[in-house]
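Below you'll find the structure, written out as structure tokens, and then a few comments.
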């Protein structure tokens with residue numbers, strides 16, 4: 001009988017091998033715990049693969065801030081590339097939509113930004129440590145990332161700069177000439193830019209997750225590929241039932257991103273999780289007119305960034321069911337806009353779609369499940385999961401070990417939404 005069929009044992013089993021899950025497993029292993037991480041696909045192959053690869057110090061302001069109300073009229077038309085929403089989905093999930101909009105109140109902005117600032121600060125320290133130890137330092141670029149406006153965006157840029165400065169996050173407002181000096185190979189389409197100077201990026205987020213997972217495996221952790229069926233309490237611990245066997249562990253960490261709520265439902269938890277779906281496509285870069293860093297086109301609501309596979313153009317947010325058929329309208333709308341800035345050639349490979357898990361307040365769940373000892377929740381990192389995965393994992397591992405997390409996790413407590 002194989003080891004998988006007979007069942008494995010560990011101190012901790014982590015369900016999900018994206019950035020959050022691998023980080024939780026790696027952090028637990030670094031504390032001397034035996035760890036098995038499980039996913040149906042290889043590490044970094046799902047949501048963690050398809051992002052823009054930004055390690056962002058400045059992503060402390062979630063999508064639902066007071067500025068959302070100003071932009072809401074143009075989003076209601078359901079034609080803006082930055083946000084599309086499925087009307088039947090919105091009606092069926094009206095409770096989530098109302099709570100999401102309610103979180104855009106001015107009184108909720110600073111507390112959430114403060115919470116995210118602590119999570120991001122820890123995460124970036126770990127990223128810069130791990131990426132070297134994992135032998136992937138060649139993938140990181142300490143060149144910042146640029147948010148740019150085609151029209152009169154000076155007031156918006158200065159307002160964002162002031163908000164970041166309150167938390168000690170540096171940025172630089174640029175005019176057209178400053179942008180051209182920073183990115184000499186792009187077409188001068190932007191009049192105003194905000195350079196996030198303390199932000200880094202990588203040329204393959206999926207490869208970075210794989211490198212972290214390999215570092216775990218090289219140290220004695222186990223990375224297992226299998227379909228996860230369900231989890232159930234067993235004695236003083238847990239059993240994860242897989243397609244090809246089971247794993248017994250004292251602790252189980254649910255880090256399955258958009259699939260997390262589904263796994264928890266049989267245990268009686270109703271998690272208000274929605275999905276910011278996004279798309280991307282790679283294009284052959286012009287080798288003599290290279291894009292040097294990620295650029296977020298504020299007017300178009302898209303991002304373009306140089307990747308190992310080519311120039312990656314990402315779409316805005318699509319709010320709909322996790323597994324609804326793909327709708328490439330947003331991506332198709334922004335590719336011509338990207339071509340008006342950066343020179344690139346034909347498409348490379350297939351178009352990609354992913355679902356980013358989002359709770360109504362745009363903060364992840366990080367902590368213990370309310371009614372089940374040894375069950376830990378680590379998901380809901382919305383569109384900044386690649387940045388915030390290490391901090392999320394480090395906090396979970398600390399709590400498992402009975403230690404204080406490296407930042408204040410009170411705002412991320414699962415009890416705010418489930419009992």
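Of the residues 57, 103, only one is closer than 20 Å to residue 387 by Cα and either touching a strand residue (DSSP E or B) at 6+ places or on another chain (Cβ under 7 Å) or surrounded by 18 or more Cβ atoms within 10 Å (Cβ to Cβ) (or both); which?
After applying the criteria, what remains is 57.
For residue 409, which of the numbered conditions (1) free of Cβ contacts under 8 Å to residues at least 24 places away in the same chain; (2) at negative phi; (3) not assigned by TED's automatic domain parsing to the domain that holds residue 98 fails to hold?
In the conditions (1) free of Cβ contacts under 8 Å to residues at least 24 places away in the same chain; (2) at negative phi; (3) not assigned by TED's automatic domain parsing to the domain that holds residue 98, residue 409 misses (1) alone.
If I filter segment 170-191 for residues that are at positive phi and under 24 Å from the mean Cα position of the chain (by Cα), do I get at least one hit?
First, the residues of segment 170-191 that are at positive phi: none.
No, because not a single residue in segment 170-191 is at positive phi and under 24 Å from the mean Cα position of the chain (by Cα).
Select, from 66, 62, the only residue that is buried (at least 18 other Cβ atoms within 10 Å of the Cβ), at pLDDT below 95 and outside the structural domain of residue 182 (by TED's automatic domain parsing).
From the options 66, 62, the qualifying one is 62.
Condition test on residue 324, is it farther than 19 Å from residue 45 by Cα and more than 19 Å from the chain's Cα centre (by Cα)?
The answer is yes for residue 324.
Against the definition (more than 29 Å from residue 124 (Cα to Cα) and buried (at least 23 other Cβ atoms within 10 Å of the Cβ)), how does residue 249 come out, yes or no?
yes
Kindly list the number of the only condition in (1) surrounded by 17 or more Cβ atoms within 10 Å (Cβ to Cβ); (2) in contact with a strand residue (DSSP E or B) (Cβ under 7 Å, 6 or more places away or on another chain) that fails for residue 227.
Every condition holds for residue 227 apart from (1).
Could you check segment 311-342 and list, in sequence order, the residues that are in a loop (DSSP other than H, G, I, E, B), crowded, with 18+ Cβ neighbours inside 10 Å and out of contact with any helix residue (DSSP H, G or I) (no Cβ under 9 Å at 6 or more places or on another chain)?
341, 342 - these are the residues of segment 311-342 that are in a loop (DSSP other than H, G, I, E, B), crowded, with 18+ Cβ neighbours inside 10 Å and out of contact with any helix residue (DSSP H, G or I) (no Cβ under 9 Å at 6 or more places or on another chain).
When residue 97 is evaluated against the numbered criteria (1) in contact with a strand residue (DSSP E or B) (Cβ under 9 Å, 6 or more places away or on another chain); (2) more than 30 Å from residue 310 (Cβ to Cβ); (3) outside the structural domain of residue 298 (by TED's automatic domain parsing), which criterion, by number, is the only one it fails?
(3)
Residue check, residue 245 against (1) over 25 Å from residue 385 (Cα atoms); (2) without any contact (Cβ under 8 Å) to a residue 60 or more places away in the chain; (3) touching a helix residue (DSSP H, G or I) at 6+ places or on another chain (Cβ under 8 Å), all met but one. Which one?
(2)
Exactly one condition in (1) over 23 Å from residue 31 (Cα atoms); (2) touching a residue at least 60 places away in the same chain (Cβ under 8 Å); (3) assigned to a strand (DSSP E or B) is not met by residue 350; state its number.
(2)
Answer with yes or no whether residue 158 is within 24 Å of the chain's Cα centre (by Cα) and either farther than 27 Å from residue 134 by Cβ or in a helix (DSSP H, G or I) (or both). Even if it seems obvious, please write down each step before you answer.
Values: within 24 Å of the chain's Cα centre (by Cα): no; either farther than 27 Å from residue 134 by Cβ or in a helix (DSSP H, G or I) (or both): yes.
No, not satisfied.
Going through segment 289-311 one residue at a time, which ones are in contact (Cβ under 8 Å) with a residue 60 or more places away in the chain, closer than 23 Å to residue 174 by Cβ and under 21 Å from the mean Cα position of the chain (by Cα)?
293, 294, 295, 296, 297, 298, 300, 301, 302, 303, 305, 306
Just name the residue that is surrounded by the fewest Cβ atoms within 10 Å (Cβ to Cβ) out of those in segment 361-382 that are touching a strand residue (DSSP E or B) at 6+ places or on another chain (Cβ under 8 Å) and in a loop (DSSP other than H, G, I, E, B). It would help to see each step written out before you state the result.
Quick first cut of segment 361-382, residues touching a strand residue (DSSP E or B) at 6+ places or on another chain (Cβ under 8 Å) only: 364-369, 372, 374-382.
Cutting the leftovers down to in a loop (DSSP other than H, G, I, E, B) gives us 364, 369, 372, 374, 380.
On the way: 364: 31, 369: 19, 372: 16, 374: 18, 380: 30.
My answer is 372.
Could you list, in sequence order, all residues of segment 184-194 that are without any contact (Cβ under 8 Å) to a residue 60 or more places away in the chain and surrounded by 23 or more Cβ atoms within 10 Å (Cβ to Cβ)?
192, 193, 194
The values are calculated or read from the model by the stated rules, or taken from the named source; none is laboratory data. The shown structure was predicted, so the numbers you read here are calculated from the model rather than taken from an experiment. FYI the Cβ positions are ideal-geometry reconstructions off the backbone, even for glycines, and counts take in every protein chain you see.
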